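Written out below as structure tokens is the structure these notes cover.
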Amino acid sequence: MRPCQTSVDGNRLRFSLSFMDLISNAYTSEEEESDLLSSRVAYSKRFKPEASPSTVFPPNFHSLPQQNEPPIAGRYISKRERAAMDSIHCVSHPNSSSSVSESSVVGSIADSELPCEILLSLKSQRKNRTQSERISNRLSIALNGHLKAVNAVHWSPTQSHLLASASMDHTVIIWNVWGKNLKKARVFNLHNAAVKDVKWSHKGLSILSCGYDNSSRLIDVERGIQSQVFEEDQVVHVIKFHPDNSNLFLTGGSKGRIRLWDVRARKVMHEYFRGLGPILDFDFILDAKQFIASSDVSSGNASENSIIVWDISRQIPLSNQVYVEAYTCPCVRSHPFDPCFVAQSNGNYIAIFSSVSPFKLDKYKRYDGHAVSGFPIKCNFSLDGEKIASGSSDGNIYFYNYRSSKLIKKIKAYEQACIDVAFHPILPNVIASCSWNGDVTVIG
């Protein structure tokens, strides 16, 4: 090629590159950038990597050049493409509907973060759960992070230093309760609306959450990602794993439908429906062959259906005249050992029933002193089943003797309503609670 021709070609190339840069700078809208990006599909197809089974790529990974290859001189890279390349570190689970950024991981979930005194207490109590020694005041702590009311708290049964909380601010927070450094270990902002309930799996570091976005979400806490989404045609109020099979769980929602889901099949196995009103709560009884469910039914004669006992496998109600008072029950809990269950009544007391047919109400025993006042106040049994703790609309936590139904003590925890209470799965004198103003507290 002649020298003059080379010079002309070089000038043309520089002019073309400069002209391309001018055109590129003129594109300001996402729509125009998308058109420009689509014109480079032929280029990007040359850089498709072979993904190994253990490698997970973002959804738009294959449309980008590999980062270890230098960009071609003069090639325009749009804002969208640059943002996508910057987000390569974001991890996407194959079964999730959307990728979850590592920003959900804000602290450590390891028990190595715990002070030696507390770690020794957890280990010693795990070996002897009946021991009832006095717990150090260092176990009492306030956990601040939610911006709105907290609806539920739940301790991890396998990693007992971790506590999950679900809030009206759309988030689920995992707390490393006694961690030396940052106590807020994970923050999951996966729901598009308020989160109503959260439960830990009996095995592994996974949680289920549900809420007003008509979905339940299975989350891998250790990896900080969403594993599966289970969508429904109703607001999901309550969720619970099957006690004997962590692959099964129940959901109950605003249209009165209770569904038994299988995580492996990712579908509904059974549905329980009476058309009586929104489901408020449920719990398993009789070796998990049956469950009790509470509905928001308060009109006329329908109040006798506010608590129903269901047969799980046959999908039929065994009794619908368990509680005939004209009050709804925002919470039901089965006793850990005895054949009975309790129901938190909007009549400002806790009623107790037999969990054996005909599921009779004990008319001579009730736990009263606290107030419900229309709030979704919950209650729970202690590890040994000898105490019942209840939240209250006055901000106190009330403790009752299970046998005598007498009030043992009350603790002022919040200025607003105390919504949920949860005994620690190992330490007998430790209880977590949450409030309507967004606070979470652990008392020891």
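Quick rundown of the values:
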read-out	value
Exposure of H335 as accessible area (Å², to 10), given a probe of 1.4 Å and all protein chains	10
Nearest-10 value in Å² for the accessible area of V187, using the 1.4 Å probe	40
Pairs of alpha carbons in segment 168-262 whose separation is greater than 20 Å (percent)	35
Sequence ranges 105-116, 223-234, ranked by mean other-Cβ count within 10 angstrom, highest first	223-234, 105-116
Segment 160-283: relative contact order as a whole-number percent, Cα under 8 Å and 6+ apart	15
Length gained when the stretch D262-I141 is fully extended (0.36 nm per residue, less Cα-Cα span)	39.9 nm
Nearest-0.05 FRET efficiency for E117 and N401, computed from C-beta distance (R0 22 Å)	0.15
Segment 371-444: projected area of the alpha-carbon convex hull, averaged over directions, in nm²	4.5
Residue order for I307, I408 - accessible surface, 1.4 angstrom probe, largest first	I408, I307
Charge sum, other residues only, whose C-beta stays under 13 Å from R217's C-beta, Lys/Arg counted +1 and Asp/Glu -1	-2
Two-site FRET efficiency, A110 against N429, from Cβ-Cβ distance with R₀ of 25 Å, rounded to 0.05	0.55
Probe 1.4 Å, accessible area per residue of segment 241-385, Å²	43
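The values are calculated or read from the model by the stated rules, or taken from the named source; none is laboratory data. Computed from a prediction, not measured in an experiment: that's the story for all the values here. Quick reminder, even Gly has a Cβ in these numbers, built from the backbone with ideal geometry, and neighbours come from all protein chains shown. Ligands, DNA and RNA are stripped out before the accessible areas are found, and what is left, the full protein with its side chains, is counted by its heavy atoms. Shrake-Rupley method; radii C 1.70, N 1.55, O 1.52, S 1.80 Å.
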